[in-house]
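S.K.: Dumping the structure here so I can ask a few things about it.
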Amino acid sequence: FTMTTETPTETPPTVVAPTVVADAAPATATDAAPAPAAPAVDDTTMLANIAERLSFFFSNANIRADRFMQKQLVREDKDGDFGGSIEINTLLKFKSIQQYTTDPSQVMKAASTLLADLLVVTEENQTLARKTPMTKDQMDDN
């Protein structure tokens, strides 16, 4: 018994030109573009989701742990506390905000209507700040 091995030969892929049909149905939205990243939600749900994320970002626990937020909030505060503001366009770079909106006015609306007790919205500068700044002493508290 003798065993032989064959070397496979590659065959070039076959290219087939698309068939054009004169009476074909128009392309659907699914043919034209990929589906959006986030499912469509009503404005109330979207604003609530944005507010939930903002509430987290500006929370004591997050600011204690998040060096980026610390730098953003301390850079404008003359006392060296964490009472500065952060630009809404900066917040719009966060993926957890982007999944709900890329519109600065929606972030301002969520902050001013649902988080008015926590955040101050400065419309002319498009910034958000905590109503009650976090101090250096609070950073050390657990």
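S.K.: Would segment 113-135 turn up any residue that is more than 23 Å from R64 (Cβ to Cβ), hydroxyl-bearing (S, T, Y) and either open to solvent by 60 Å² or more (accessible area, probe 1.4 Å) or more than 23 Å from the chain's Cα centre (by Cα) (or both)?
M.R.: Initially, segment 113-135 is screened for residues more than 23 Å from R64 (Cβ to Cβ), giving 113-114, 116, 121-126.
Keeping just the survivors that are hydroxyl-bearing (S, T, Y) gives 113, 122.
Next, only the ones that are either open to solvent by 60 Å² or more (accessible area, probe 1.4 Å) or more than 23 Å from the chain's Cα centre (by Cα) (or both) stay: 113.
Yes.
S.K.: Kindly provide the set of residues from segment 73-112 that are surrounded by fewer than 20 Cβ atoms within 10 Å (Cβ to Cβ), assigned to a helix (DSSP H, G or I) and modelled with pLDDT under 90, ordered by number.
M.R.: V74
The values are calculated or read from the model by the stated rules, or taken from the named source; none is laboratory data. Because the structure is a prediction, the values reported are computed rather than measured. Ideal geometry is used to build each Cβ from the backbone, glycine not excepted, and the neighbour counts take in all protein chains shown. Just the protein is used for accessible areas: all its heavy atoms, side chains included, with ligands, DNA and RNA removed. Shrake-Rupley method; radii C 1.70, N 1.55, O 1.52, S 1.80 Å.
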